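Structure first, commentary second.
The values are calculated or read from the model by the stated rules, or taken from the named source; none is laboratory data. All of these numbers come straight from a predicted model, not from anything done at the bench. Because the Cβ atoms are built from the backbone with ideal geometry, glycine has one as well, and the counts that use them run over all protein chains shown.
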Amino acid sequence: MDNISRAIKRRVLALSEMQGANTVFCYVSFGTETATHELIRSLIHEGKSVCVPKTHQSGLMDAVLIDGLSELKPGDFTALEPEDGKIVEKTDIDIVIIPALCYDKLGYRLGYGKGFYDRYLEDFNGLKVGLCPDECLVPDAYHDAHDVKADIIVTQSEVIYPAEKHERTL
């Protein structure tokens, strides 16, 4: 784990919203994404119920409860995924940690373009947290009407609450 991901992990674990959460749905990092493996281990160690994505060719995904990263295998889209396990309902999840290539300070993100998270989050009522190195914050992440914003963005140097920013119109 690099120093940037380590600093982001510390900030995420220190969030008051995370302190009160029971169930966290977190992406399993791969490629250039902010590393989450140590964050997932820490959340499990703290006694949180941790879910990770199980994607389907249909373009949908489920939140599957895990006890550890050793349960994961490479999935259809390269990222590690559970092969099976208990699916957790959205209403039972307190926080979703969302992957991105970059974020803007209004909470919009540039993802990989498959729409898994936007579809999953469109009717999610819990807290949405984005992880992003400072250098991946951009002035304007292009977004469409269906794109779902993060409620909080955590970088290695700050915690951003986008709802406090003025909204843009498309």
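Any idea which residue in segment 4-23 is surrounded by the fewest Cβ atoms within 10 Å (Cβ to Cβ), counting only those that are among the aliphatic types (A, V, I, L, M) and within 19 Å of I93 (Cα to Cα)?
A14
Tell me, which strands (runs of 3 or more DSSP E) wholly within segment 24-125 include 2 or more residues that are buried (at least 17 other Cβ atoms within 10 Å of the Cβ) and without any contact (Cβ under 8 Å) to a residue 40 or more places away in the chain?
Those strands (runs of 3 or more DSSP E) span 49-55, 61-66.
Just to be sure I understand, how many residues within segment 137-170 are at pLDDT 75 or above, surrounded by fewer than 20 Cβ atoms within 10 Å (Cβ to Cβ) and over 13 Å from Y108 (Cβ atoms)?
Number of matching residues: 4.
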